[in-house]
Amino acid sequence: MDDPQAIALALSQAQAAASRGEVPVGAVLVSGEGAILAQDGNRIRERADPTAHAEMLVLRAGANVLGNERLLGTTLYVSLEPCAMCAGAISLARVARLVFVAPDPKGGAVLHGPRFFDQPTCHHRPNVEQAGDAEGAGAMLRDFFKARRS
């Protein structure tokens, strides 16, 4: 699976999350060999679980598939810049590469806020890339919140 395909899947999962009334964030975890290990979208409201972010769900599922808490050689694709909780989990899981679409100046923790991977206390730093249609992914989020306020 290449980057554009995986990004498209993450965006599809974000759209599915929005259709469930969740904040539209989607994630896909891909093995080093290019196999999809897990894909999901936010399920915070559905599960009444503040940790049910898309990233957390796919990290858990991927660890289950691999039978290992270390997700060595994997790439995590996310529609939105991960928050501090998710960045911490990405580091602890030893994800090799993180690719996200839209930056999140308010809640993101990779390029914004605490810049988690830049901290000296961060034990593992994935290669981080921003790719895909950031404006389109951002518009999906803006439209979701605009509809909620109406």
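Screening T51 on (1) part of a helix (DSSP H, G or I); (2) of a type in the set (V, I, T); (3) over 17 Å from P126 (Cα atoms) shows it passes everything except condition (1). The residue pairs whose first member lies in the range 96-119 and is farther than 24 Å from G62 by Cα, whose second member is small (G, A, S), and whose beta carbons are closer than 6 Å, counting only pairs six or more residues apart or on different chains, are P114/A84. Pull up the range 37-53, narrow it to residues that are out of contact with any strand residue (DSSP E or B) (no Cβ under 6 Å at 6 or more places or on another chain) and among the polar types (S, T, N, Q), then point me to the one that is most open to solvent (accessible area, probe 1.4 Å). The extreme case among them is T51. Is it the case, given these coordinates, that A87 is within 17 Å of the chain's Cα centre (by Cα), over 16 Å from A10 (Cα atoms) and part of a helix (DSSP H, G or I)? Yes, satisfied. Considering A10, A84, A16, the condition of being without any contact (Cβ under 8 Å) to a residue 40 or more places away in the chain and in contact with a Phe, Trp or Tyr (Cβ under 7 Å, 6 or more places away or on another chain) is satisfied by A84 alone.
Is at least one residue of the range 120-143 farther than 21 Å from A17 by Cβ, touching a residue at least 12 places away in the same chain (Cβ under 8 Å) and hydroxyl-bearing (S, T, Y)? No: the range 120-143 contains no residue that is farther than 21 Å from A17 by Cβ, touching a residue at least 12 places away in the same chain (Cβ under 8 Å) and hydroxyl-bearing (S, T, Y).
Within the range 66-83, is even one residue open to solvent by 20 Å² or more (accessible area, probe 1.4 Å), small (G, A, S) and either closer than 18 Å to S12 by Cβ or assigned to a strand (DSSP E or B) (or both)? Within the range 66-83, not a single residue is open to solvent by 20 Å² or more (accessible area, probe 1.4 Å), small (G, A, S) and either closer than 18 Å to S12 by Cβ or assigned to a strand (DSSP E or B) (or both). The C-beta contact set for the range 53-79 (first residue closer than 25 Å to G107 by Cβ, second residue of a type in the set (F, W, Y) and buried (at least 24 other Cβ atoms within 10 Å of the Cβ), distance under 6 angstrom, 6+ apart or interchain) comprises V78/F100. Look at the range 13-36 and say how many of its residues are open to solvent by 30 Å² or more (accessible area, probe 1.4 Å) and under 16 Å from I90 (Cβ atoms). Total satisfying the criteria: 1. Within the range 131-150, the set of residues being touching a strand residue (DSSP E or B) at 6+ places or on another chain (Cβ under 6 Å) and on the phi < 0 side of the Ramachandran plot comprises A131, A134, A137, G138. Screening V128, V110, V101 for residues that are buried (at least 16 other Cβ atoms within 10 Å of the Cβ) and part of a loop (DSSP other than H, G, I, E, B) leaves exactly one candidate, V110.
The values are calculated or read from the model by the stated rules, or taken from the named source; none is laboratory data. This is a predicted model, so every value here is computed, not measured. As a convention, Cβ positions derive from the backbone with ideal geometry for all residues, glycine included, and neighbour counts pool all protein chains shown. Just the protein is used for accessible areas: all its heavy atoms, side chains included, with ligands, DNA and RNA removed. Shrake-Rupley method; radii C 1.70, N 1.55, O 1.52, S 1.80 Å.
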